[in-house]
Amino acid sequence: MNPPEISYFSRIKLVKWKQSNNASIAEACIHFALMSPESVRKWEQLYFQQGEQVLVQLHKGRSKYGKENSEEKIKPGVGELIVADTKRRLKKLAALRKQPKNSSVKKSSHSRRNTD
């Protein structure tokens, strides 16, 4: 059995049917042959918080660039390394900005010879 095609119209119809029939999420899933009670809960919540238009703008499926996925990909300890490296770079940049413009090339004491 293939799942039904979900469109913005069917989301709105589902939420309105659920409310007018005082149905539970499980009953709405059975009536509309859906397998995801979590989706129904989310659609109903969005409908009451932001209105019908938000259900029109929803896209099918999971986001490719979800926040929860990006946090899981970073290995433990990498965040601390990034922060430490950023601090090191900012410190170096601040030191470079404090230098006078004409002293961009430092003269080494080794380059001078004592001819005495």
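The values are calculated or read from the model by the stated rules, or taken from the named source; none is laboratory data. Worth saying up front: this structure is predicted, and the values here are computed from it rather than measured. Every residue, glycine as well, gets a Cβ built from its backbone with ideal geometry; the counts of neighbours run over all protein chains shown. Each accessible area value is taken on the protein alone, full model and side chains, heavy atoms only, with ligands, DNA and RNA left out. Shrake-Rupley method; radii C 1.70, N 1.55, O 1.52, S 1.80 Å.
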task = Report the residue count in region 76-116 for those that are modelled with pLDDT of 85 or more and outside any helix (DSSP H, G or I).
result = 0
ask   = For Ser63, which of the numbered conditions (1) of a type in the set (S, T, N, Q); (2) at pLDDT 80 or above; (3) surrounded by fewer than 10 Cβ atoms within 10 Å (Cβ to Cβ) fails to hold?
value = (2)
inquiry  = Looking only at region 24-60, how many residues end up being open to solvent by 100 Å² or more (accessible area, probe 1.4 Å), at pLDDT 85 or above and hydrophobic (A, V, I, L, M, F, W, C)?
reply    = 2
ask   = Has region 16-23 got any residue that is assigned to a loop (DSSP other than H, G, I, E, B), at pLDDT 90 or above and surrounded by fewer than 13 Cβ atoms within 10 Å (Cβ to Cβ)?
value = yes
